[in-house]
Amino acid sequence: MDSKKPYLAIILIQSIYAGMFLLSKAAFNGGMNNFVFVFYRQAAATIFLVPLALFLEWKSLPPLSFGTFCKIFLLSLFGITLSLDINGLALVYTSASLAAATTNCLPVITFFLALLLGMEALRLKTSAGIAKLAGIIICLAGVLTLALYKGPHFEVFCLRHLSQQTHHAQTLDTATSSGLTWIKGCILKLISVTFWGLWLVLQGPVLKSYPSMLLFTALQCFLSSIQSFGIAIALVRDPYEWRLGWNVRLVAVAYCGVVVTGVTYYLQSWVVEKKGPVFLAMSTPLNLIFTMLCSAFLLCEFTSLGSVVGGLLLIAGLYSVLWGKTKEQKLMNQNCVDKECTELTIVTA
C-alpha cells in the first residue's frame, strides 16, 4: 500500500486542480467578477495559512531584510496576483477544458524561461537537447491549435441537457461565432502561465535568503491579498459585485483558497519528496482529462476537435521536454559517479 500512496496522491492533486477550474468557471458563469474572486480567494488562503505558518515555524523564523521583502512583493505581484487575475479573464473568455489543457505547457514554459535566464542549458548535439527543443516547438504548435482551430463540436449528455436544450443551442452559436474572443482568451491564458512559470523560476534564489517555505508561502498570500484588493477596488465599484451569499461563489472561494492552497501544497511537497518533481509533472495530463469530462457533464461545455488536438500536442510537448530533462539528469549523475570513482582510485593508490 505504501508504494501506491504517491499514485493516489497525484490523482487527488490533479482532481483538486480540476475542481478549481470547474468551480471558478461556474462562479464566473454565475456572474461573479474575476477580480473580486481573486481577492476573496487570496484572503481565504491567507486566513488559512498565516496562523498555521506562525504556529509551526515561529521558533525558526528567519530574518527578513528589506531587499528580500521587495523580492517577495514582486514575486507575489507577478507570479500570483497578475497571474490569477489574467487567468480568470482567460477563463471567462474560454472554457475550463482549455484552461486545464494550457496548464500542460507550464513545465515547458518554465524550462524556456530558465533557459533565457541562464539557469538551464540546451545542448543540441545530444538527444536530450533535441528532445527538449522539440518539446518547446510541439508545445507552441499545441497553443496555436487551441487558439486558431476549433473544428467540429462534440455534444455529450450532461445534467442540464434535458431541461436546457435552448441554452445549449445558444452556447453552440456563441462558441462557433466568437472566434476573436476565444483567441483573446488563449493569449491571456498563455500570459498567465508565463507569469506562473517566471514565479517558479525566480522562487529558488529568493528561498535561499528566506528558507522558511511555509512562512514564505503565507507571506506571498498575504501580499497578494493586498495587491488583488487594490486592483479589485479600483476596477469594481458596484457593491453588489462583492456579495458572496450561500451559493457557488462562496464554495468556489473557500475551495480555491483553502483546499487548493492548503491541501495541494502539502501533497505536492510530499510527492516531490517521495518520487521527485518529474513524477509530479508527468501527472499533469490527468488534470486535463478530469476537467474535460467534468466540464462536459456538469457545466455542459462543448468539446471541440481543436481542443482535443491542441491538448494532445501540449501533452506530447510536455513529455518530450521531461524525457530530455530526465535523460540529461541521468547522464550528469553518471558522470558525477564516474568522477568520484576516479578520485577514489587515485586516493587509494
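Quick notes on this structure:
- Here Val321 passes the criteria (1) buried (at least 16 other Cβ atoms within 10 Å of the Cβ); (2) modelled with pLDDT of 75 or more; (3) over 19 Å from the mean Cα position of the chain (by Cα); (4) of a type in the set (A, V, I, L, M) except the one numbered (3).
- Filtered residue count, region 11-66, keeping only those that are outside any helix (DSSP H, G or I), of a type outside the set (A, V, I, L, M) and surrounded by 15 or more Cβ atoms within 10 Å (Cβ to Cβ): 1
- Residue satisfying all of: in region 152-186; surrounded by 15 or more Cβ atoms within 10 Å (Cβ to Cβ) and aliphatic (A, V, I, L, M); modelled with the lowest pLDDT among these: Ala175
- Single residue of Phe37, Phe73 found to be modelled with pLDDT of 85 or more, more than 27 Å from Val308 (Cβ to Cβ), of a type outside the set (Val, Ile, Thr) and in contact with a Ser or Thr (Cβ under 9 Å, 6 or more places away or on another chain): Phe37
- Filter pass, Leu56 being over 30 Å from Ile226 (Cβ atoms) and modelled with pLDDT of 80 or more: no
- Failed item, numbered, when Asn247 is tested on (1) exposed (fewer than 15 other Cβ atoms within 10 Å of the Cβ); (2) within 24 Å of Leu74 (Cβ to Cβ): (2)
Rundown of residues vs (1) part of a helix (DSSP H, G or I); (2) modelled with pLDDT under 75; (3) surrounded by 21 or more Cβ atoms within 10 Å (Cβ to Cβ), yes/no style:
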residue	(1), (2), (3)
Phe279	yes, yes, no
Leu313	yes, no, yes
Gly317	yes, no, yes
Lys325	yes, no, no
Met332	yes, yes, no
Asp338	yes, yes, no
Glu343	yes, yes, no
Ile346	yes, yes, no
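The values are calculated or read from the model by the stated rules, or taken from the named source; none is laboratory data. This one's a predicted model, so the numbers in the text were calculated from it and none came from an experiment. Neighbour counts run over all protein chains shown; Cβ positions are idealised from the backbone, glycine included.
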